[in-house]
Amino acid sequence: MITGSCFCAAITWQLNGRLQDGRACHCSRCRKAFSGASSAYAELTPGSRFQWITGKEKLVIHATGEEWGLGFCGVCGSTLCGIRRGEVHGVTLGCVEGDPGVAIEQHLFVGSKAPWDHIGGHAPQYLEHPPPRN
C-alpha cells in the first residue's frame, strides 16, 4: 500500500496498487502548479484502487483542460494529484509517504525548462512529448 498527504496533513490518501510512468514535466504550467523546476508525477496502474482517507472535502480541483485537472489542498495549497474525467489519474511524488516504488523515468518539455534548471540523472529528456508507446 502507498500512502500520501499534503504539507499540512489535512488531506491523506492511500493507494492499493502500484504507480507507473514516473516523470518530470518542465513546462511553464507544471513549474507553476508544482512551485518548482518541474512536476514529479506518476500514474496509477490499471486496477489500482485510490482512496481519500481524510480531508476529501478540503480538496480543490482546478480544471487544466477539457478532461483534465489538478487536485490541491485547499488549506496549504499542496498539489496532490492529477484528475482525468473526474477520477484520480496519478499522484505527485512529493506527497508520497516513503518509497513510491517508482522513479523519474523521463523528463518532458525540457525545451521550455527554466533557465536556472539543471537536470541531473540518466532518465531520457524530450523537448516536448515523449515518443508514442508501442
Filter result (over 15 Å from GLY36 (Cβ atoms) and in a loop (DSSP other than H, G, I, E, B)) within region 84-118 = ARG85, GLY86, GLY98, ASP99, PRO100, GLY101, VAL102, ALA103, GLU105
Please verify whether region 63-72 includes one or more residues that are at pLDDT 95 or above and within 14 Å of SER5 (Cα to Cα).
-> yes
Looking at GLY71, GLY121, which one is in contact with a Leu (Cβ under 6 Å, 6 or more places away or on another chain) and either touching a residue at least 12 places away in the same chain (Cβ under 8 Å) or assigned to a loop (DSSP other than H, G, I, E, B) (or both)?
-> GLY71
Tell me which residues, restricted to region 48-58, are open to solvent by less than 50 Å² (accessible area, probe 1.4 Å) and more than 15 Å from the chain's Cα centre (by Cα).
-> SER48, TRP52, GLY55
From CYS81, CYS8, residue being open to solvent by 50 Å² or more (accessible area, probe 1.4 Å) and either on the phi > 0 side of the Ramachandran plot or at pLDDT 95 or above (or both) | CYS8
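Identify all residues within region 97-107 that are under 17 Å from GLY17 (Cα atoms) and open to solvent by 30 Å² or more (accessible area, probe 1.4 Å); write none if there are none. Before you say what the answer is, go through the steps one by one.
To start, the set of residues in region 97-107 that are under 17 Å from GLY17 (Cα atoms) comprises 97-103.
Listed by number, the residues that qualify are GLU97, GLY98, ASP99, GLY101, ALA103.
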Only one of GLY94, GLY65, GLY22 is closer than 26 Å to LEU127 by Cα and surrounded by 19 or more Cβ atoms within 10 Å (Cβ to Cβ); which?
-> GLY22
Output the number of the condition that LYS32 fails; it satisfies all remaining conditions of (1) without any contact (Cβ under 8 Å) to a residue 60 or more places away in the chain; (2) open to solvent by less than 50 Å² (accessible area, probe 1.4 Å); (3) not hydroxyl-bearing (Ser, Thr, Tyr).
-> (2)
Residue check, VAL110 more than 27 Å from ILE2 (Cβ to Cβ) and buried (at least 19 other Cβ atoms within 10 Å of the Cβ) = yes
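The values are calculated or read from the model by the stated rules, or taken from the named source; none is laboratory data. These numbers come from a predicted model, not from an experiment. Virtual Cβ from ideal backbone geometry, glycine too; neighbours counted across all protein chains shown. Surface accessibility is based on the protein's heavy atoms, side chains included, excluding ligands, DNA and RNA. Shrake-Rupley method; radii C 1.70, N 1.55, O 1.52, S 1.80 Å.
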